[in-house]
Each structure stands twice: as C-alpha cells, then as structure tokens.
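One structure is given below, encoded as structure tokens.
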Amino acid sequence: MDGSLAPRIVRTACPHDCPSACVLEVERLSPTRIGRVRGSAAYDYTAGTCCAKVARYAERVHHPGRLTQPLQRVGPKGSGQFAPIGWDAALDRIAEAFRAATARHGPEAVWPYHSGGTLGVLGRWGLDRLRHVMGYSRQKSTICITPAEMGWKAGHGAARGADPRGVAEADVILMWGGNPVSTQVNLMAHIQRARKRRGAKLVVVDAYRSPSIEAADIGLILRPGTDAALALAMMAVALEEGAADRAFLAAHTDWDAAVEAHIRRHTPAWAAEVTGVPEADILALARLYAGTKRCFLRAGVGFTRARNGAATMHAVSCLAALTGSWLHQGGGGFFYALDGWGLDTRLAWGSDLIDPKIRVLDQSRIGAVLAGEALAGGPPVAAMLIQNANSAEVAPDSHAVRRGLLREDLFVAVHEHFMTPTAALADIVLPATTFLEHDDLYLGLGHTALTVGPRVIEPVGEARSNHAVVCALAARLGAEHPGFGMTEVEVLDATLRSSGKGSWAAATAAGFIPAANEIAVGEAFAGFPQPDGRFRFKPDWPALGPYAAGMPGLPSYWLNLEEAAEATPFRLITPPARSFLNTSFTETPGSRSREGGPALRLHPADADRLGIADGARVRIGNARGALTLTAMRFDGLLTGVLAVEGISPSADFPEGIGINALVGADPVAPAGGVAFHDIAVWLRPA
C-alpha cells in the first residue's frame with residue numbers, strides 16, 4: 001500500500017480564539033481527509049484533552065458548505081448573488097480597488113482588518129506586514145480582552161501571571177468570571193485533578209448559573225458588573241480578621257494607610273446590597289480565600305466585558321496581593337499570557353516598519369469607522385480586506401456594521417471558510433484554508449507555550465492560506481519585503497531562529513515551545529513586572545489608555561454601567577455557548593444540534609410578572625434594535641437579569657440579525673473594548 005495513503009497520526013495545534021491553543025493529534029486518513037482529533041499528551045497543559053468542537057473537526061473541514069473557489073458579486077450589495085471568478089482575476093480586482101482608494105484618498109483609505117478567527121502568528125497578524133509596508137490604516141485590536149488586559153496590567157504591570165498549571169498544587173481555585181467547563185476544558189481537567197488528588201475546592205463567581213457553577217463546590221451568582229464590590233468586601237474581611245499578609249504588602253506592593261482605609265469601608269453588608277449575594281456567603285468566601293495560602297485566582301474575561309470592566313479586573317486582581325498567596329506553590333493568579341513571548345516579529349508582521357504617524361482605527365468600532373464617525377482624523381475607509389472576522393455578527397451595534405459594509409462606495413474583500421453574513425456583504429469572496437491546510441505557530445494565551453501547527457492535509461478545493469493571499473496581493477501592489485517572497489515554513493523557521501527559539505523542524509518534532517513568561521510563585525517569587533517590582537493598588541489609568549477620565553484611583557466598584565432604566569429595566573448578558581466559539585462552529589451539524597435556537601434565560605419571578613410561559617416567544621430590545629427569541633424560565637440568575645448564550649446565526653432570528661445588534665460600541669475605559677455583558681433592554685411577550 002502507498003504509504004501516503006495509509007492512515008497516520010499527525011501532531012498539530014488548534015488555532016481558534018481560545019486560550020488553550022491545544023496541541024492536537026489528528027488522524028490523517030489520506031492527503032485530503034482527516035478522521036478523529038484528540039488532545040495530545042505531549043504537552044502537559046493540553047494533557048490529552050481537547051474540546052468536543054475540535055474533536056469533531058472533520059465535520060467542519062469537510063463540510064459541504066466550505067467555500068472552495070473565489071467568488072465575485074454579480075447582484076446588488078447584500079443580495080448574496082455571486083458567480084465564480086479565477087484567483088488571478090479576484091486578486092487583480094482587490095489590488096485595483098486598493099490602488100483606486102489610495103489614488104483618491106491616500107493609503108490610509110485602505111483598512112486591512114483581522115480578528116480572532118485564528119490566533120496564528122502568520123494567519124492572524126501576517127496581514128499587518130502588508131499594512132505596514134504600504135502605509136495603510138493601522139488597527140487597534142480591542143474586541144475581545146482589552147478591558148481585562150488593562151485591568152490586570154494596572155496592578156501587575158504586564159499581562160502575565162502564575163503558571164496556570166499551578167492549579168494542580170492549589171487547595172482552593174477561585175474561578176472568577178469564567179466558565180471553563182464550556183470554554184476551556186483543559187483548565188477544567190487540571191482543576192479536576194487538584195480536586196481528586198488534593199481535595200481542592202473549586203469556587204466559581206459568575207452572573208448566571210453556568211455549567212462551571214454547576215460543577216463547583218461553591219458557586220456565587222451576582223448582578224452583572226458588581227464583581228468589584230464582592231472583591232472589596234472580601235479584602236475588607238481579610239483586613240478586619242487579620243488575614244492580610246502585611247510583610248508581603250510592605251515588600252511587594254504600593255500599599256499604604258489610604259489604601260487600607262478605603263478598602264475597610266466596603267463591608268459585606270454593603271456588598272450584599274450591591275451584588276445580590278447574601279452577606280453570609282460573602283463572609284464565608286472571604287474567610288475561605290484569605291485563610292488558604294495555596295489559593296489560585298483564575299480570572300476570566302466575561303466579568304470585564306462591561307463599561308467598568310478594567311476597574312473591576314483591577315479590584316479582583318488585588319486579592320492575591322492582599323493575602324500574599326504569590327509566596328506559595330499553588331497560589332498567585334492568572335488571567336492571560338499576552339506578554340513576554342519573546343518573538344522577533346519583524347519578518348512575520350513587518351513590526352519594524354510601523355509608522356506612528358499613520359492613524360490607528362479601532363477594530364471594535366468598525367460600524368462607527370465605516371460611518372465616518374471614528375476615523376481618527378483621516379480619510380474615509382474606501383477599501384478593505386477582511387480575514388478571520390465575521391464582523392457583521394461578532395462586532396457590536398450590528399446594524400451600524402451592516403450599514404457600513406453596504407456602502408456603495410466601499411470595496412470589501414472577505415477571505416473565509418464559509419459564506420458568513422460578512423462574506424455575503426462583500427464584493428469579492430476568497431476561499432480560506434483551515435488550520436489543517438497550512439503551517440503556523442500559535443500563542444498559548446491561556447498557558448505558557450507556543451504551540452506548533454504544521455499542515456496535515458492538502459487545501460480543500462482552491463482554498464489558499466492568509467499568508468498566500470497577502471503575498472499575492474503584495475506582488476500586485478509592488479510591496480517589497482523579504483517575507484512576501486518566502487513560504488510559511490521559511491518565515492516561521494526564520495522567526496524562531498532570530499528569536500532564539502530553535503528551528504521549525506525542532507518545534508514540529510516537540511509540538512510546543514516553552515515561553516517561560518510566567519510570574520514565579522513560592523520561594524522563586526521575585527516581584528511583579530512593574531518597573532519597581534511592586535503591585536499597584538493605586539493604578540495609573542491615564543498611562544494605559546485615552547479613555548481614563550473619571551476612573552477610580554483606588555480599587556473600587558465603579559458605577560459606570562449601562563444602568564437599567566424605566567424604558568429598559570433589564571440587564572442582559574451574552575455568555576459563550578459551549579458548542580460555538582464566537583460564530584465559528586455555528587455551521588457544523590454537531591454544534592447546531594447541541595445548541596438549538598437562540599433562547600432567553602429569565603428568572604421565573606420576572607416571567608410570572610410579565611405572563612411569560614416557558615417556550616413562549618418574547619421580544620427584547622433597546623434603542624439599537626429588537627430581537628425575537630424563545631423564553632427559558634431559569635432560576636440560575638437574579639431577578640432583573642437576562643442571559644442569551646452564544647452568538648447564534650443571524651438567520652436564526654426572525655429579524656435576520658443577531659444578538660450583538662443590542663450591544664453598544666462605545667469604547668470601554670481606559671483603552672477601548674466592548675461591553676458585551678453590559679446591555680440594558682426591555683422585555684415583552686412577542
């Protein structure tokens with residue numbers, strides 16, 4: 001039998017917008033087909049585990065709806081009428097549109113746009129090389145984690161933390177605002193091992209009864225946006241009962257009498273009124289946390305997706321500094337590892353060619369940018385290439401985004417796996433490879449290693465990688481850079497070598513490359529990545545972003561929310577669904593059958609008051625739009641709070657537009673971002 005046709009296991013890595021960046025083992029049935037996918041045991045964070053979505057990846061990569069050839073719009077914008085076009089003609093058309101926009105308005109009229117459909121070093125950020133060489137508008141990537149990142153940096157100095165594998169040594173794991181049962185199964189596997197081996201307790205804090213709260217030893221459900229009040233009360237109890245580590249505070253933080261007096265004012269009784277958590281539960285959690293040295297604080301992202309999100313993250317992150325848990329194995333805290341990767345990105349991203357005079361446009365505010373309201377002083381955007389992004393559904397204020405993409409004077413090319421609602425609004429649609437069809441490296445944002453993703457199968461149909469498209473456009477536009485004439489493997493190998501991280505061949509053999517970017521804990525603790533090594537209880541918000549006006553100078557519950565009002569009395573949150581990842585996997589039959597249609601979770605008391613039966617059709621809305629969903633009576637949230645899990649396809653809503661139509665695009669302090677879980681709405685029977 002021909003060896004190339006024999007099934008074999010190929011090691012690669014997951015690219016999706018998830019902090020796990022799993023090392024995977026893929027069953028390669030032939031040069032064009034895969035079978036099963038499983039997590040690899042080669043890397044001890046992945047530890048043989050991967051999510052069900054990726055385990056079923058064959059149904060995505062071989063989906064009959066995959067785009068397999070370039071398409072050109074032949075009907076009115078938004079009509080969905082396309083006809084096949086050759087690759088050369090499609091690329092020529094994009095290059096022509098970029099040249100025309102540049103001739104009319106200057107190069108800043110072109111906005112290459114990417115998002116988290118892949119976290120590949122080349123696949124996600126390789127488009128920036130073309131941007132920087134050509135002088136096109138820059139992008140500020142804020143849509144996912146910027147409020148959380150700024151809140152963590154405010155105290156720690158960098159987006160780094162304790163090695164998350166340290167949960168295995170913890171006696172208490174405090175999971176704050178995250179749902180690893182649904183969104184990070186590797187972390188949950190490590191937590192389960194700690195529970196089994198050490199008798200560790202899992203505590204989860206969230207705004208609704210998530211699957212992780214159901215799996216926890218202790219679960220606290222609070223009002224959205226009030227997490228800082230709970231954290232402040234916990235610190236006040238620690239101070240009152242003598243559980244703060246005074247020596248650690250003196251040696252490793254900027255603690256002083258003013259900080260202490262401020263925190264002591266936030267009593268459990270006050271926090272109970274603000275959060276909706278009973279005072280006795282606040283006291284119990286405070287005593288458990290402060291009384292456990294091996295307590296690992298694992299901060300999620302969800303609780304920071306509010307207008308006060310950065311300030312809230314800062315307040316929560318103060319807990320580990322107050323108790324000095326950093327001095328103990330199994331202690332400290334972790335959010336994401338965004339910093340300290342040590343990669344030389346000059347070749348892959350053209351990062352040495354960034355011109356600070358060129359404007360920066362906010363990814364999250366794409367609707368306002370395309371409406372001419374957030375242009376940062378430059379010309380209108382006249383041409384775009386969109387990679388790894390389904391902005392018509394994922395970006396906030398979806399109506400504004402769609403209006404912008406439908407502008408007759410805007411040229412849009414979309415490079416995608418499927419005909420998404422964003423692709424349906426394009427002038428040219430290009431078929432993209434999945435991670436199994438190209439080579440790349442991935443940042444393990446939820447741990448401390450780069451994971452390595454060599455190609456497993458040949459491209460499906462005529463699909464091309466992001467790198468191939470960027471290089472082909474560069475040739476047509478006359479863009480000159482060494483990376484445009486190199487293959488993916490050549491760029492990745494040169495990047496690793498210039499970064500002192502070995503070779504591509506060695507990386508693929510190992511499957512991962514340790515980054516050693518964690519903050520050491522226990523006896524090895526040597527301070528925080530601040531200039532003086534001290535944690536900041538008193539953050540310098542203006543140093544972190546342009547929207548810092550009015551932010552509190554001490555850990556605080558900052559009442560800066562889209563508050564419920566008479567016209568919009570309910571608070572809506574939109575946590576992720578277990579079987580979707582943003583809008584990825586919304587096309588696969590396995591995920592679709594598991595999630596069903598969009599449902600609105602509401603407390604039975606609210607349902608009774610409004611006469612809403614389980615399964616009834618209801619309408620929710622605000623000034624941005626209105627949607628029709630199916631009601632689900634659910635006692636796992638507080639009254640006045642509503643929850644819709646996941647970004648269901650727009651086609652699942654009678655209005656033809658999805659849940660993010662209700663989300664505001666105003667930037668979150670101090671540096672931007674989206675308040676996806678901070679939405680005031682009305683609710684009524686349909």
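Consider residue 298 carefully, then state whether it is out of contact with any Asp or Glu (no Cβ under 7 Å at 6 or more places or on another chain), among the charged types (D, E, K, R), under 30 Å from residue 531 (Cα atoms) and without any contact (Cβ under 8 Å) to a residue 60 or more places away in the chain. So that I can check it myself, show each step before the final result.
Values: out of contact with any Asp or Glu (no Cβ under 7 Å at 6 or more places or on another chain): yes; among the charged types (D, E, K, R): yes; under 30 Å from residue 531 (Cα atoms): yes; without any contact (Cβ under 8 Å) to a residue 60 or more places away in the chain: no.
It is false that residue 298 is out of contact with any Asp or Glu (no Cβ under 7 Å at 6 or more places or on another chain), among the charged types (D, E, K, R), under 30 Å from residue 531 (Cα atoms) and without any contact (Cβ under 8 Å) to a residue 60 or more places away in the chain.
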**Asked** For region 182-207, which residues satisfy the criterion of being among the aliphatic types (A, V, I, L, M) and within 26 Å of residue 230 (Cα to Cα)?
**Response** 187, 188, 191, 194, 200, 202, 203, 204, 205, 207
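Return the only residue of 427, 397, 339 being out of contact with any His (no Cβ under 7 Å at 6 or more places or on another chain), within 30 Å of residue 166 (Cβ to Cβ) and of a type in the set (Asp, Glu).
Values: 427 fails: within 30 Å of residue 166 (Cβ to Cβ); 397 fails: within 30 Å of residue 166 (Cβ to Cβ).
Step by step, each of 427, 397, 339 is checked, and only 339 is out of contact with any His (no Cβ under 7 Å at 6 or more places or on another chain), within 30 Å of residue 166 (Cβ to Cβ) and of a type in the set (Asp, Glu).
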**Complete:** Of 281, 254, the only residue that is within 24 Å of residue 559 (Cα to Cα), of a type in the set (Asp, Glu), at pLDDT 95 or above and out of contact with any His (no Cβ under 9 Å at 6 or more places or on another chain) is 281
**Message:** Take residue 478 and tell me if it is without any contact (Cβ under 8 Å) to a residue 12 or more places away in the chain and either in the same structural domain as residue 87 (by TED's automatic domain parsing) or touching a strand residue (DSSP E or B) at 6+ places or on another chain (Cβ under 6 Å) (or both).
**Reply:** yes
**Asked** Scanning region 419-459 for residues that are among the small types (Gly, Ala, Ser) and not in a loop (DSSP other than H, G, I, E, B), which turns out farthest from residue 584 (Cα to Cα)?
**Response** 449
**Request:** Hey, could you check region 1-60 for residues that are under 22 Å from residue 579 (Cβ atoms), without any contact (Cβ under 8 Å) to a residue 60 or more places away in the chain and small (Gly, Ala, Ser) and say which is surrounded by the fewest Cβ atoms within 10 Å (Cβ to Cβ)?
**Result:** 35
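Could you tell me which residue of region 174-197 is nearest to residue 639 (Cα to Cα), considering only residues that are in a loop (DSSP other than H, G, I, E, B) and touching a helix residue (DSSP H, G or I) at 6+ places or on another chain (Cβ under 8 Å)?
First, pick out the residues of region 174-197 that are in a loop (DSSP other than H, G, I, E, B): 177-179, 184.
Those left that are additionally touching a helix residue (DSSP H, G or I) at 6+ places or on another chain (Cβ under 8 Å): 177-179.
Numbers: 177: 19, 178: 21, 179: 21 Å.
Per the criteria, the residue is 177.
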**Prompt:** Out of all the residues in region 106-146, which are in a helix (DSSP H, G or I) and in contact with a Lys or Arg (Cβ under 7 Å, 6 or more places away or on another chain)?
**Reply:** 108, 131
**Message:** Considering only region 565-583, I want to know if a residue exists there that is modelled with pLDDT of 95 or more, surrounded by fewer than 22 Cβ atoms within 10 Å (Cβ to Cβ), closer than 24 Å to residue 649 by Cα and in contact with a strand residue (DSSP E or B) (Cβ under 6 Å, 6 or more places away or on another chain).
**Reply:** yes
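If you go through region 178-210 one residue at a time, how many are small (Gly, Ala, Ser) and under 13 Å from residue 575 (Cβ atoms)?
Narrowing region 178-210 to residues small (Gly, Ala, Ser): 178, 182, 189, 194, 199-200, 207, 210.
Adding the requirement that they be under 13 Å from residue 575 (Cβ atoms) leaves 178, 182, 207, 210.
Of the residues in region 178-210, 4 are small (Gly, Ala, Ser) and under 13 Å from residue 575 (Cβ atoms).
Go through 592, 578, 601, 633 for me and flag whichever is outside the structural domain of residue 425 (by TED's automatic domain parsing), without any contact (Cβ under 8 Å) to a residue 24 or more places away in the chain and under 27 Å from residue 183 (Cα atoms).
Working: 578 fails: without any contact (Cβ under 8 Å) to a residue 24 or more places away in the chain; 601 fails: without any contact (Cβ under 8 Å) to a residue 24 or more places away in the chain; 633 fails: without any contact (Cβ under 8 Å) to a residue 24 or more places away in the chain.
Exactly one of 592, 578, 601, 633 is outside the structural domain of residue 425 (by TED's automatic domain parsing), without any contact (Cβ under 8 Å) to a residue 24 or more places away in the chain and under 27 Å from residue 183 (Cα atoms), namely 592.
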**Request:** Please state which of the following conditions residue 607 fails to meet, knowing it meets all the rest: (1) surrounded by 19 or more Cβ atoms within 10 Å (Cβ to Cβ); (2) aliphatic (A, V, I, L, M); (3) in contact (Cβ under 8 Å) with a residue 40 or more places away in the chain.
**Result:** (3)
**Fill in**
Of 249, 232, 187, the only residue that is surrounded by fewer than 22 Cβ atoms within 10 Å (Cβ to Cβ) and closer than 27 Å to residue 527 by Cβ is 249
**Message:** I'm told residue 445 meets every condition in (1) without any contact (Cβ under 8 Å) to a residue 60 or more places away in the chain; (2) in contact with a Cys (Cβ under 9 Å, 6 or more places away or on another chain) except one. Can you identify the failing condition by its number?
**Reply:** (1)
**Message:** Going by what's in this entry, would residue 116 be described as free of Cβ contacts under 8 Å to residues at least 60 places away in the same chain and surrounded by fewer than 24 Cβ atoms within 10 Å (Cβ to Cβ)?
**Reply:** no
**Prompt:** Any chance region 405-418 includes a residue that's crowded, with 24+ Cβ neighbours inside 10 Å, part of a helix (DSSP H, G or I) and not hydrophobic (A, V, I, L, M, F, W, C)?
**Reply:** no
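Does region 542-599 hold any residues that are among the hydrophobic types (A, V, I, L, M, F, W, C) and in contact with a Pro (Cβ under 7 Å, 6 or more places away or on another chain), and which are they?
So the first thing to find is which residues in region 542-599 are among the hydrophobic types (A, V, I, L, M, F, W, C), and the list is 543-544, 548-549, 551, 554, 558-559, 561, 564-565, 567, 570, 572-573, 577, 580-581, 585, 599.
The answer is 544, 548, 551, 558, 573.
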**Message:** Considering only residues that are closer than 22 Å to residue 481 by Cα, out of contact with any Lys or Arg (no Cβ under 6 Å at 6 or more places or on another chain) and not basic (Lys, Arg), which ones fall in region 347-382?
**Reply:** 347, 348, 351, 353, 354, 355, 356
**Message:** Can you tell me which condition residue 65 does not meet? The list is (1) free of Cβ contacts under 8 Å to residues at least 24 places away in the same chain; (2) in contact with a Phe, Trp or Tyr (Cβ under 8 Å, 6 or more places away or on another chain); (3) surrounded by fewer than 17 Cβ atoms within 10 Å (Cβ to Cβ), and all the others hold.
**Reply:** (1)
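So, in region 363-388, exactly how many residues are touching a Phe, Trp or Tyr at 6+ places or on another chain (Cβ under 6 Å) and either of a type outside the set (Val, Ile, Thr) or outside any loop (DSSP other than H, G, I, E, B) (or both)?
Filtering region 363-388 down to residues touching a Phe, Trp or Tyr at 6+ places or on another chain (Cβ under 6 Å) leaves 381, 383-384, 386.
Add one more test, that the residue is either of a type outside the set (Val, Ile, Thr) or outside any loop (DSSP other than H, G, I, E, B) (or both), and what stays is 383-384, 386.
Number of matching residues: 3.
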**Request:** Tell me which residues, restricted to region 485-504, are out of contact with any Phe, Trp or Tyr (no Cβ under 6 Å at 6 or more places or on another chain), surrounded by fewer than 20 Cβ atoms within 10 Å (Cβ to Cβ) and outside any loop (DSSP other than H, G, I, E, B).
**Result:** 485, 490, 494, 497, 498
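Would a scan of region 139-156 turn up a residue that is over 30 Å from residue 422 (Cα atoms), of a type in the set (Lys, Arg) and at pLDDT 95 or above? If you could, list the steps in order and put the result at the bottom.
First pass over region 139-156, keeping only residues over 30 Å from residue 422 (Cα atoms): 151-156.
Pick out the ones that are also of a type in the set (Lys, Arg) and you get 153.
Subsequent filtering for residues that are at pLDDT 95 or above retains 153.
Scanning region 139-156 turns up at least one residue that is over 30 Å from residue 422 (Cα atoms), of a type in the set (Lys, Arg) and at pLDDT 95 or above.
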**Asked** So residue 72 clears everything in (1) surrounded by fewer than 21 Cβ atoms within 10 Å (Cβ to Cβ); (2) under 19 Å from residue 477 (Cβ atoms) except one condition, right? Which one?
**Response** (2)
**Asked** Do we have any residue at all in region 297-314 that's charged (D, E, K, R) and either out of contact with any Leu (no Cβ under 9 Å at 6 or more places or on another chain) or assigned to a helix (DSSP H, G or I) (or both)?
**Response** yes
**Request:** Within region 419-430, identify whether any single residue is touching a Phe, Trp or Tyr at 6+ places or on another chain (Cβ under 8 Å), buried (at least 23 other Cβ atoms within 10 Å of the Cβ) and within 18 Å of residue 653 (Cα to Cα), and answer yes or no.
**Result:** no
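The values are calculated or read from the model by the stated rules, or taken from the named source; none is laboratory data. Only a predicted model underlies this, so the values are computations on that prediction, with no experimental measurement involved. So basically every Cβ, Gly included, is an ideal-geometry build from the backbone, and we count neighbours across all protein chains shown.
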